[in-house]
1. Out of (1) assigned to a helix (DSSP H, G or I); (2) at pLDDT below 95, the odd one out for Thr225 is which?
2. Just wondering, is there one or more residues in segment 254-277 that are outside any helix (DSSP H, G or I) and within 25 Å of the chain's Cα centre (by Cα)?
3. Among the numbered criteria (1) part of a loop (DSSP other than H, G, I, E, B); (2) within 12 Å of ligand 1 (Cβ to nearest atom); (3) not basic (Lys, Arg), which one does Thr246 miss?
4. Among the basic types (Lys, Arg), modelled with pLDDT of 95 or more and within 14 Å of ligand 1 (Cβ to nearest atom): is that true of Arg5 in this structure?
5. For Leu138, work out the one condition from (1) within 15 Å of ligand 1 (Cβ to nearest atom); (2) at pLDDT 95 or above; (3) of a type outside the set (Asp, Glu) it doesn't fulfil.
6. Got a sec? Which of Glu176, Glu155 is touching a Pro at 6+ places or on another chain (Cβ under 9 Å), charged (D, E, K, R) and modelled with pLDDT of 95 or more?
7. What number of residues within segment 164-193 are more than 11 Å from ligand 1 (Cβ to nearest atom), in contact with a Lys or Arg (Cβ under 7 Å, 6 or more places away or on another chain) and not small (Gly, Ala, Ser)?
8. For Gly9, are the conditions met, namely being within 16 Å of ligand 2 (Cβ to nearest atom) and of a type outside the set (D, E, K, R)?
Amino acid sequence: VRRPRVLSGIQPTADSFHLGNYLGALRNWVAMQDTHDAFYCVVDLHAITVDHDPKLLRKRSRIAAAQLLAVGIDPARSTLFVQSQVPEHPMLSWILECHTGFGEAGRMTQFKDKSAKNERVSVGLFTYPILQAADILLYRADAVPVGEDQRQHLELSRDLAQRFNTKYGNVFTVPEAHIIKATGTIQDLTEPARKMSKSNSQPAGIIDLLDDPNRIRKKIKSAVTDTGREIVFDPENKPGVSNLLTIYSSLTETSIEELQNRYADSGYGDFKKDLAEIVADFCAPIAQRTKSYLDDTAELDKILLAGAEKAHSVAAHTLARVYRKMGF
Ligand code: ADP
Ligand code: NA
């Protein structure tokens, strides 16, 4: 039997993925390789919707790919590729743009948020969700892992697939949301009221997967805890400690309840010391493997080229059908 196909992408917009990216998304990507025909994409075309530096983009695309390999994406089982190496993405995006209402695109709340924050707003930022629809529909993905923030974009992809199929005949698979097993969001270590984010957090608030052990120890040690001294999960009143418990629980697959019992007689200091070692031990081999991929960029580029060829063979087939239906 054919495994359901999944597609997911991540932007190469930082020098490292952080622990929130891993626990909220990448861990799930790794797991889905066992159950799905997985297509994973470094979406560098999406990264130019805001100001960018060409040299940095190239560097960060490689880092992103190296980190995906380092956390366990297996190019023998999954199709791992860089979006710009498959020319059909912007080609299908154009076709879909011509089937998207201006008002429909204008209702995307992420655009409203992002455009409110930026001084210069490009048309690309506006059409971003349509490129995202092209990413998904090109591979006729059955499933797309989504967190809450991406639901509206997936809904647009589904609408566009249905609209196209109704007008021209069946070409696209209408993708379903694959709801990510709830780790919940990982919060900023210094401002636990908001999420750990490369765009909003200060360095001290983020654990990068490439941080060295001492840096990690320092960050966990200075993470904001809350008043009181009990280690209990209470996101409302104790967001700092609760966030650390979530991280601890996720990385060790120990229930929060068990952790509360284990640390019932300890203070924050002991708890943080243990957690720091767990996080440091988790990140060290990932950093090591990332470095070895980045030390041999010729080999890394070869892996990505092979992935792009696999992706291209699927994407070209879909686009050829689209073009035929459209009268080209
Ligand atoms: P950032 O918010 O740091 O800019 P992205 O928006 O590029 O990160 O997110 C990439 C993926 O990582 C998405 O699937 C997103 O849902 C997930 N993610 C990002 N930050 C967190 C977080 N703090 N907790 C859980 N998942 C996260
Ligand atoms: Na984001």
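The values are calculated or read from the model by the stated rules, or taken from the named source; none is laboratory data. The structure displayed is predicted, hence computed values, not measured ones. Heads up, the Cβs are rebuilt from the backbone with ideal geometry, glycines too, and the neighbour counts pull from every protein chain shown.
1. Looking at each condition in turn, Thr225 falls short on (1).
2. Of segment 254-277, the ones outside any helix (DSSP H, G or I) are 254-255, 263-267.
This time we only want the ones that are within 25 Å of the chain's Cα centre (by Cα), so: 254-255.
Within segment 254-277 (the criterion being outside any helix (DSSP H, G or I) and within 25 Å of the chain's Cα centre (by Cα)), the answer is yes, since at least one residue qualifies.
3. (1)
4. Values: among the basic types (Lys, Arg): yes; modelled with pLDDT of 95 or more: yes; within 14 Å of ligand 1 (Cβ to nearest atom): no.
Criteria not met by Arg5.
5. Single failed check for Leu138: (1).
6. Details: Glu155 fails: touching a Pro at 6+ places or on another chain (Cβ under 9 Å).
One residue alone meets the criteria, Glu176.
7. Looking only at that region, the number is 6.
8. Details: within 16 Å of ligand 2 (Cβ to nearest atom): yes; of a type outside the set (D, E, K, R): yes.
Here the answer is yes, as Gly9 does meet what is asked.
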